[in-house]
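Please read the structure below before turning to the comments.
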Amino acid sequence: MSFLACRDVVKRFGTVVAVDHANLEVERGEMLALLGPSGCGKTTLLRMIAGFEVPDAGEILLDERLLNNSRVFTPPERRRVGMVFQDFALFPHMTVAKNVAFGLPKGANRAQRVGELLDLVGLEGLRERFPHELSGGQQQRVAMARALAAEPALLLFDEPFSNLDPSIRQRVRAEVKQLIHQVGITAVFVTHDQEEALSLAERVAVMIQGRVRQVGTPREIYMHPTERAVGAFIGEANFLPAQISGARAESELGSMAVRADFEGAGEVMVRSEDIDIVPSGVGIAAEMVGVEYFGHDMLATVRLDSGRLVRLRRGTSEAIEPGARIALAVNGTALAFPVA
Ligand code: ATP
């Protein structure tokens, strides 16, 4: 049985169904990202796991212990669940050491334990500082030390990196990942940032409109979305009407290899990085419309002769001006989804 299980969990706010029969299983010791667009219900699900919101239906179990169902509600302090908030929620008038001590259970050997926790997060030298005297990354480490002080079985993070300056975010992410592995704790973090989820988590749960739609490794989620909505949310994809037959799809982007479990009318999903520019005469004729330049690569918008716009990502070595005639071909195997 999984370590954390959310089964058919529902939460409504008035007429808004924030979480709609969500199911999620997290294994012991794993680091899972709950990823989804703004408003999909991920923070609400996290807050129900922590015990800050009461579900309207469903059950939540941790380590085979029922935390919630229609009759049972375990209060947050008795769940063995720690939470690191988006704004870190440190007490501004307390030193680093006192902030961490706040999380300790009564009767613990406090001074020694605070020292150990600050050592763990690499802040022993800053114990007498106040939160406003710390960088964002340091504040986050204090928040983690405080959450770990209560020896939780599960650590939850709500958008943990969104308050950090982009220039340090990557480094802090790597530090947090390393720390979580070192402690060996099970961790769930909520994010709307797909790059963050794909790069940090061992498994990603994609939530859309209140439901967990797919759970898998970052690679599975990206390469094998099980439904159109997941494919459309992760990465950049073009969707084109297509006829599917015998592992091939015919579409306005030509004929391509496809993986599909149906035949007939559907839609192909072609990732922007899977469209190549090829010599004219061998590909589908198109016209360059515009380019977004990112330095390491660029995202081009191209108009097919059918009038449809598609986007393709490519290197920046060769500049192609808007208006230029080009030809396109799809490389690799596309995915297809039945028309809803
Ligand atoms: P974001 O990434 O923008 O934080 P989210 O996926 O975490 O979004 P939630 O904060 O869980 O989404 O919100 C889900 C839905 O529930 C939204 O439509 C939101 O407006 C609504 N909602 C959340 N909390 C409340 C509340 N306390 N009262 C009323 N509606 C709420």
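Using the alpha-carbon atoms, what tilt in degrees (0 to 90, nearest 10) does helix 110-120 show relative to the longest principal axis of the chain? Once rounded, the angle reads 20 degrees. Note on K177 and Q112: their simple-model spin labels are 3.5 nm apart, each label 7 Å out from Cα toward Cβ.
Using a Förster distance of 35 angstrom, determine the FRET efficiency expected from the C-beta separation of R78 and F262, and round it to 0.05. My answer for the efficiency is 0.10. Here's the list of aspartates and glutamates a cross-link from K11 could span, going by alpha-carbon distance under 19 Å and ignoring same-chain residues fewer than 8 apart: D20, E25, E53, D56, E59, D158. Short-range pairs are left out: with C-alpha atoms under 8 Å and at least six residues apart, the relative contact order of segment 1-105 is 25 percent.
Going from the fewest other Cβ atoms within 10 Å to the most, the residues T333, T44 appear in the order T333, T44. A DSSP coil position with no more than 10 other Cβ atoms inside 10 Å describes the following GluC sites (Glu not before Pro) in segment 51-127: E64. Positive contributions from Lys and Arg (+1) and negative ones from Asp and Glu (-1), summed over other residues with Cβ under 14 Å from the Cβ of K11, come out at 0. Residues with beta-carbon under 12 Å from that of V230, excluding V230: net charge, scoring Lys, Arg +1 and Asp, Glu -1? Result for the local shell: +1. Can you give me the angle between helix 166-183 and the longest principal axis of the chain, using Cα atoms only, in degrees from 0 to 90, rounded to the nearest 10? Once rounded, one gets 60 degrees. Electrostatic bookkeeping for P152 treats Lys and Arg as +1 and Asp and Glu as -1; over the other residues with beta carbon under 14 Å from its beta carbon, the sum is +3. Secondary-structure-derived ellipticity at 222 nm for the chain, considering helices only, amounts to -6500 deg cm²/dmol, per-run term -39500 (n - 2.57) for DSSP H runs with n ≥ 4. Across segment 326-340, coupling constants 3J(HN,Hα) worked out from phi with the 6.51/-1.76/1.60 Karplus curve, θ = phi - 60°, read 9, 10, 10, 9, 8, 10, x, 10, 7, 9, 10, 10, x, 6, 5 Hz, and Gly and Pro carry x. Tell me which chymotrypsin sites (Phe, Trp or Tyr not before Pro) from segment 209-305 have a DSSP coil assignment and no more than 13 other beta carbons within 10 Å of their own. When the chymotrypsin sites (Phe, Trp or Tyr not before Pro) of segment 209-305 are filtered for loop state and at most 13 Cβ neighbours within 10 Å, F262, F294 remain. Ordering K98, K42, K106 by the number of other Cβ atoms within 10 Å of each residue's own Cβ, fewest first, gives K106, K98, K42. The phi-based Karplus calculation (6.51 cos²θ - 1.76 cosθ + 1.60; θ = phi - 60°) puts the 3J(HN,Hα) values of segment 212-225 at 7, 8, 7, 10, x, 5, x, 5, 4, 5, 6, 7, 10, x Hz, whole numbers, x for Gly and Pro. If the chain linking A89 and S306 were pulled fully straight, counting 0.36 nm for each residue of separation and taking away their Cα-Cα distance, it would gain 72.7 nm.
For the chain, averaging the sequence separation of C-alpha pairs within contact (under 8 Å, six or more residues apart) and dividing by the residue count gives a relative contact order of 16 percent. Comparing Cα centroids, segment 164-231 and segment 85-127 end up 27 angstrom apart. On full extension, the segment bounded by S38 and T316 gains 96.9 nm, given 0.36 nm per residue less the C-alpha separation.
Using θ = phi - 60° in the Karplus curve 6.51 cos²θ - 1.76 cosθ + 1.60, the 3J(HN,Hα) couplings for segment 63-74 round to 6, 6, 9, 6, 8, 8, 8, 5, 10, 10, 9, 8 Hz; x is entered for Gly and Pro. Subtracting the Cα-Cα distance of D56 and N163 from 0.36 nm times their residue separation leaves 35.4 nm of extension gain.
Counting only Cβ charges, +1 for Lys and Arg and -1 for Asp and Glu, the dipole size of the chain around its Cα centre is about 1100 debye. Taking a cut-off of 18 Å, what percent of all Cα-Cα pairs in segment 1-153 are separated by more than that? Considering segment 1-153, 62 percent of its Cα-Cα pairs are separated by more than 18 Å.
Read-outs: derived from the displayed coordinates by stated rules, not from any lab. Keep in mind the model is a prediction, meaning the values are calculated, not measured. So basically every Cβ, Gly included, is an ideal-geometry build from the backbone, and we count neighbours across all protein chains shown.
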